[in-house]
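Notes follow once the structure below has been shown.
The values are calculated or read from the model by the stated rules, or taken from the named source; none is laboratory data. Being a predicted model, the structure only gives us computed values, none of them experimental. Methodologically, a virtual Cβ is constructed for each residue, glycine included, from the backbone with ideal geometry; neighbour enumeration extends over all protein chains shown. To get the accessible areas, we keep the full protein, side chains included, count just its heavy atoms, and leave off ligands, DNA and RNA. Shrake-Rupley method; radii C 1.70, N 1.55, O 1.52, S 1.80 Å.
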Amino acid sequence: MKYIFLLLLFCVFYCEKHTEEKIIENSTHTKSSPKTILFFGDSLTAGMGLDSQEDSFVGIIQKKLDKEDFRYIAINSGLSGDTTSGGISRLDWALSKKPDIFVLELGANDSMRGISPSQIKSNLIQIIQMVKRRYPDCKILLLGMKTFPNLGPIYARKFEKIFPEIQIEENIILVPFLLEKIAGENSLNQLDGIHPTEEGHKIMADTVYKYLRPMLKR
């Protein structure tokens with residue numbers, strides 16, 4: 001009788017333990033780790049002049065992702081004043097985040113310094129190709145920009161052609177103009193006339209999300 005009791009006790013213990021292990025195993029398979037979207041840019045990405053980075057278009061996009069139950073983490077890797085050459089130098093560290101989607105927003109500061117459009121294009125392509133080599137499955141979204149009219153119409157045309165040319169050559173997705181509906185609107189820009197206000201960032205978030213959303217997976 002004693003041995004039968006011990007045998008029954010062992011069976012109960014074994015079954016409970018086995019069931020618990022199966023639950024943990026199933027939970028591990030169903031609850032996958034969230035994917036990562038790396039926003040790599042300058043002060044526009046960083047949210048310069050805002051009270052919080054959560055008010056930047058990256059922070060607002062994170063709220064959109066959460067609202068729609070997309071398991072993605074939006075990482076803000078914006079650095080105020082950054083250029084395309086500066087982006088190359090810090091890219092290796094940024095890519096340690098292992099992005100599933102890479103959003104590239106650089107070039108505006110290059111144009112303010114009068115860097116040749118051909119050099120800007122070359123640097124942007126180098127960044128894109130570095131991402132592709134390290135993470136071949138990573139999707140890339142390029143945010144297009146325009147430059148200031150005081151640099152002259154010839155420079156402006158050459159600069160603006162950079163982004164659609166890269167879209168075709170690198171076979172990536174392009175947001176034609178990040179500051180659509182914002183550029184030149186005093187009420188949507190800070191006193192410097194360059195960096196968007198919180199309301200401006202909301203518009204930027206809508207603009208980017210329209211192109212980003214089809215790239216997401218459940």
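Please find, among 61, 115, 73, the residue that is more than 26 Å from residue 189 (Cβ to Cβ) and among the β-branched types (Val, Ile, Thr).
When all the criteria are applied, what remains is 73.
Table: residues versus (1) in contact with a strand residue (DSSP E or B) (Cβ under 9 Å, 6 or more places away or on another chain); (2) touching a residue at least 12 places away in the same chain (Cβ under 8 Å).
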| residue | (1), (2) |
| --- | --- |
| 52 | no, no |
| 59 | yes, yes |
| 73 | yes, yes |
| 77 | yes, yes |
| 85 | no, yes |
| 102 | yes, yes |
| 112 | no, yes |
| 117 | no, yes |
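Can you tell me which residues in the stretch 180-202 are within 25 Å of residue 99 (Cβ to Cβ) and open to solvent by 50 Å² or more (accessible area, probe 1.4 Å)?
180, 202
If only one of 87, 152, 144 is on the phi > 0 side of the Ramachandran plot and not hydroxyl-bearing (Ser, Thr, Tyr), which one is it? Even if it seems obvious, please write down each step before you answer.
On the way: 87 fails: on the phi > 0 side of the Ramachandran plot; 144 fails: on the phi > 0 side of the Ramachandran plot.
Being on the phi > 0 side of the Ramachandran plot and not hydroxyl-bearing (Ser, Thr, Tyr) holds for just one of 87, 152, 144, which is 152.
Of the numbered conditions (1) open to solvent by 30 Å² or more (accessible area, probe 1.4 Å); (2) at negative phi; (3) not charged (D, E, K, R), residue 49 satisfies every one except a single condition; which is it?
Evaluating residue 49 over (1) open to solvent by 30 Å² or more (accessible area, probe 1.4 Å); (2) at negative phi; (3) not charged (D, E, K, R) leaves (2) as the failure.
Every residue in the stretch 53-84 that is of a type in the set (A, V, I, L, M) and in contact with a Leu (Cβ under 6 Å, 6 or more places away or on another chain), please.
Of everything in the stretch 53-84, just one residue is of a type in the set (A, V, I, L, M) and in contact with a Leu (Cβ under 6 Å, 6 or more places away or on another chain), namely 75.
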